[in-house]
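Below is one structure, written out as structure tokens, with a few remarks after it.
The values are calculated or read from the model by the stated rules, or taken from the named source; none is laboratory data. None of these values were measured; they are calculated from a predicted model. Ideal geometry is used to build each Cβ from the backbone, glycine not excepted, and the neighbour counts take in all protein chains shown. Surface areas here come from the heavy atoms of the whole protein model, side chains and all, with no ligands, DNA or RNA. Shrake-Rupley method; radii C 1.70, N 1.55, O 1.52, S 1.80 Å.
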2 protein chains.
Amino acid sequence: MFESAELGHKIDKATYDMEVPKLREALLEAQMDLAKSRTFPVIILIGGLDGAGRGETVNLLNEWMDPRFIQTHGMGEPSDEELDRPMMWRFWRELPPKGKIGVFLGSWYTWPILNRVTGRANAAELDQSLERAKRLERMLTDEGALILKFWMHLSKDKQEKRLKLLEENPKTRWRVTNRDWKHFKQYDKFRVVHESVIRHTSTAEAPWTIVEGYDPNYRSLTVGKVILEAIRKRLDDVDIKTAAIHAPPPPLPPIDQLDILKTLDLNQKIDKKKYKTDLEKYQGKLALLTRENKFKDITVIAIFEGNDAAGKGGAIRRVTSALDARWYNIIPIAAPTEEELAQPYLWRFWRHIPRRGRITIFDRSWYGRVLVERVEGFCSKADWMRAYSEINDFEAQLVRHNIVVVKFWLAISKDEQLKRFNEREKIGFKRFKITEEDWRNRNKWDEYELAVCDMVDRTSTEIAPWTLVEANDKNFARIKVLKTLYKHIEEAMQKE
Amino acid sequence: MFESAELGHKIDKATYDMEVPKLREALLEAQMDLAKSRTFPVIILIGGLDGAGRGETVNLLNEWMDPRFIQTHGMGEPSDEELDRPMMWRFWRELPPKGKIGVFLGSWYTWPILNRVTGRANAAELDQSLERAKRLERMLTDEGALILKFWMHLSKDKQEKRLKLLEENPKTRWRVTNRDWKHFKQYDKFRVVHESVIRHTSTAEAPWTIVEGYDPNYRSLTVGKVILEAIRKRLDDVDIKTAAIHAPPPPLPPIDQLDILKTLDLNQKIDKKKYKTDLEKYQGKLALLTRENKFKDITVIAIFEGNDAAGKGGAIRRVTSALDARWYNIIPIAAPTEEELAQPYLWRFWRHIPRRGRITIFDRSWYGRVLVERVEGFCSKADWMRAYSEINDFEAQLVRHNIVVVKFWLAISKDEQLKRFNEREKIGFKRFKITEEDWRNRNKWDEYELAVCDMVDRTSTEIAPWTLVEANDKNFARIKVLKTLYKHIEEAMQKE
């Protein structure tokens, strides 16, 4: 796999000096067109061996192109705010928006490789992380991102030569650290891991480009030309939606009209007296539980979905009034902002992932993709179809980070909804809660019901199950929500 | 000052139950109007004594109002990313956008008070921090924010009673910590400091409301009504621009036509040979300097302003190619995004303040306020006039945090600019650099010159001086930039 990157590629100065001005001009123009079109982001990963010229390449790109539209990120040691969240959070927070280029020195491959070489991870665990990386890249490309992965390679003797050269020169001595030499001693070990990583993750949508790193002229021209061609090509056929290619067949409605929502007994009730005592009881338990020291190691993400007027807000407030206002946060999901629209769909949720010891409540959530966006046609069928597995991947990352994910669907009957709509239009301080849109959605009741059932079938996983809440009786719903939330948090704290 | 908050205010249950529904309805409607109008943010600070019901109040507000438009922030111990930046950064990152309400439990007053009581700060230092807090609030209100500051007070015996009551109840025991009792023992000491803080910071634009915290009914109704009235009033006269009131007289152009830019010898040159050796020399020095271990404790913010075509980009690239791409970041300042427009002017710069050991280069900066925005009339005169002191405050915070702030103005002559505009329109890969707008700005040359001189006069401070760079000769300019930057960083590292 590295053979052709050990042939001693070289470009003489004359050729280089002749080629660069043209290349630079073309790159700048491509970059300007990209910035103007704002149709997709470019994500460039620079990996490879120490001394193979990763940093120089990035500096050169910044010099050749317009740095105003390049963001370079050296992914060194994570900060505590980053360690407090799933590993991928630090990449999500640095993703370039549409129209810009993000260059990552170090990537989601860095730690898996190191962990494997140092033996902290076994082969199976490495494969797992590679699978995750592939799914991430697949999702990003489906979202329209152009991903370019460069691997700077050096043969063993060439690496030794490079490191020595850098050390001899006082201007570049700082670049060579003991760590570099320690890694060099393990060259063969690294090489094996590198090879398998590149083999496993050179996908159609995001292939690796292996570049021999010894000769700066060759290295720079190669990287520059690959980037230029990729951006150009992508700008030309930008209208072809990659995602569409992978569009799976849409789900069928149940042929016998029986679905999971229909099996719910929506009319379960709790009388006022029992509600009062239960409410006090479970709010008290939740209050004490979330004040235990152990809770500082827990993160909770609770999401509330449901029919319009199902009582999400009321249920949320019964939960929050048991919590310390300093440690919870409610994220209402409304229309995305301009900055959010310039990012992959899940970005606007990643930005709200809480630190340890916190509770974040999403009032509506990423499931909007497979509910309102599906039914209203705000996104293509291909987009919401792939969303199921993207969401499962997303939640798997949260759970892997010991985040407790609790998902509630508050279900009411069509009649109950009508009753509540009418009530709301009467009661003053609830009037704002009922809009034209609510009435419109109501007319699509069956489509929504189908979407909800598909959602539950495809995203109720053992690690992040859905809790269907029978909500015709608000008291019953609120108590069930409190009980369920308490149960999930308590279980997680016992595991700690 | 606390007298009337120790009278034993009380509201009986009957009155409370009668008042709340009306208040709640009115609050919700005010909140909805605020959200619809999106004209200003509401910043609510909740301070006061332990056990005086700060948390309960916030919970209640979340219950009364629509939590979708309230963000509650418990400002506990800062994270390492927060400690790495000026103290105010953690508040800036949580500021509510226009149309929303941000509730802060703990504020920019919390630490100054604690430091004073514990003796970590003397009276003078306390006054300093209070002055800063006042200037911050003045700026926020000038930017349109509505600031409501509540102080929950308790008499000494009432606090003791409250803490004991909370402790006796198993449901609330968690709320009382040893810290609370430790603070209670220092009640008198705290009271003195609290009093002077409230006295010094009850300003016309952001006065304190002192609330007796013992009786929940009284406390809740008071806070609710103050918030309601303030938002209502503000919604009604929202068109009256607070800032306008404070509009100072505009600066006069120099009556003898002599200004600081005219005193520059723009034609200073360096010949090609000397340039090559100097460039290598200072890039090398800069490269080594920024790789020293000491540099990890330094933060550098370099901003580049200058005439169009003055060579900012070229100078920046000569700097960055001496730096490790992983540790610098270039922030090009273009038109603000929707999220940025919903925030105070300086917010979009605060969000890019780097961590320690990093270099952030602003290609154009917050000075746009007193340059392009002033000349083009993008903001009111009052806005850009107050910007001078706001910017000085901002930079003072950076410097106080040991951030090296280096400010470059690249100056070229009107003829030189014309020459470069024409060149750019010829050379292909520079074509994108010249736009209609550049020609338009050129026609306002004198207005810009006046704005630049005012800027330098008002914002070239000993802690963050302007460096005027004679830039008709690009080589001369680039070397001067490198030398200056090196000098400033070296000085800062010696201080460390």
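For A:Ile210, the amide hydrogen comes within under 5 Å of the amide hydrogens of A:Trp151, counting only partners 5 or more places away or on other chains and with H modelled in the peptide plane. The equivalent ellipsoid of chain A has semi-axes of 50, 26, 19 Å, largest first, where each one is the square root of 5 times an eigenvalue of the Cα gyration tensor.
Compared with the dominant Cα axis of chain A, that is its longest principal axis, helix A:272-289 is turned about 30°.
Applying the Karplus relation 6.51 cos²θ - 1.76 cosθ + 1.60 with θ = phi - 60° to segment B:93-101 yields 3J(HN,Hα) values of 5, 10, 4, x, x, 3, x, 10, 10 Hz, where x marks Gly and Pro. Rolling a 1.4 Å probe over the heavy atoms of the protein chains gives chain B an accessible area of 43 Å² per residue. Remark on segment A:163-201: accessible area falls by at least 50 square angstrom from chain-alone to full-complex state for A:Lys171, A:Trp174, probe 1.4 angstrom.
The mean number of Cβ atoms from other chains found within 10 Å of a Cβ in peptide B:55-68 is 5, as a whole number. Considering only A:Ile227, A:Leu323, B:Val481, and ranking their Cα positions along the charge dipole of the protein assembly as shown that arises from unit charges at the beta-carbon of Lys, Arg, Asp and Glu, the one farthest toward the positive end is A:Leu323.
In this simple spin-label model, placing a label point 7 Å from the Cα along the Cα-to-Cβ direction at both B:Arg442 and B:Ala124 gives a separation of 5.4 nm. Partner shielding of B:322-332 amounts to 6, given as the average count of beta-carbon atoms from other chains within 10 Å of each residue beta-carbon. Cα convex hull, segment A:1-135: 151 Å³ per residue, rounded to a whole number.
Extending 7 Å from Cα along the Cβ direction at A:Leu418 and again at A:Leu288 yields two label points whose distance is 4.6 nm. To the nearest ten degrees, helix A:187-201 and the longest principal axis of the Cα atoms of chain A are 50 degrees apart.
For A:Gly48, nonlocal amide neighbours, meaning residues 5 or more places apart or on other chains whose placed amide H falls under 5 Å from its own, are A:Met152. Would you mind pulling out the separation of the Cα centroids of segment A:19-38 and segment A:277-348, in Å? Centre-to-centre (Cα) distance: 46 Å. Amide hydrogen proximity for A:Gln71: with H placed 1.01 Å from N in the peptide plane, the residues at 5 or more positions away or on another chain lying under 5 Å are A:Ile101, A:Gly102, A:Val103. Summed over both chains, the contact between A and B buries some 4700 Å² of accessible surface at a probe radius of 1.4 Å. Largest accessible area first, the residues A:Arg458, A:Arg400 order themselves as A:Arg400, A:Arg458 under a 1.4 Å probe with ligands, DNA and RNA left out.
If you build the Cα gyration tensor of segment B:260-495 and take the root of 5 times each eigenvalue, what three semi-axes come out, in whole angstrom, biggest first?
Numbers: eigenvalues 135, 120, 54 Å².
Here the semi-axes work out to 26, 24, 16 Å.
Simple point charges give the picture: +1 on the Cβ of Lys and Arg, -1 on the Cβ of Asp and Glu, and for the protein assembly as shown a dipole about the Cα centre of about 1680 debye. Mean separation of Cα pairs under 8 Å and 6 or more residues apart, divided by the residue count, gives chain A a relative contact order of 19 percent.
I'd like the residues of segment A:302-318 whose 1.4 Å-probe accessible area shrinks by no less than 30 Å² going from the isolated chain to the full set of protein chains. Going by heavy-atom accessible area, the residues of segment A:302-318 that drop by at least 30 Å² are A:Arg317.
Shielding of peptide A:411-424 by partners, expressed as the average count of other chain Cβ atoms within 10 Å per residue Cβ, is 0. Counting only protein heavy atoms and a probe of 1.4 Å, the accessible surface of the protein assembly as shown is 53% carbon and sulfur. The alpha carbons of the protein assembly as shown give a radius of gyration and a Dmax of 30.6, 92 Å, in that order. Excluding same-chain neighbours fewer than eight residues apart, the lysines reachable from B:Lys281 by a Cα-Cα span under 20 Å are A:Lys171, B:Lys269, B:Lys272, B:Lys273, B:Lys474, B:Lys480, B:Lys483, B:Lys487.
A 1.4 Å probe over all protein chains sorts A:Trp327, B:Trp111 by accessible area into A:Trp327, B:Trp111, starting with the largest.
Tell me whether segment B:407-496 comes out rounded, prolate or oblate; compute the Cα gyration tensor, take square roots of the eigenvalues as a ≥ b ≥ c, and use a/c under 1.5 as the rounded threshold.
Values: a/c = 2.93, a/b = 1.62, b/c = 1.81.
Judged from the Cα gyration tensor, segment B:407-496 comes out oblate (a/c at least 1.5, b/c at or above a/b).
Working from label points 7 Å from Cα in the Cα-to-Cβ sense, the B:Glu77 to B:Asn115 distance is 1.9 nm.
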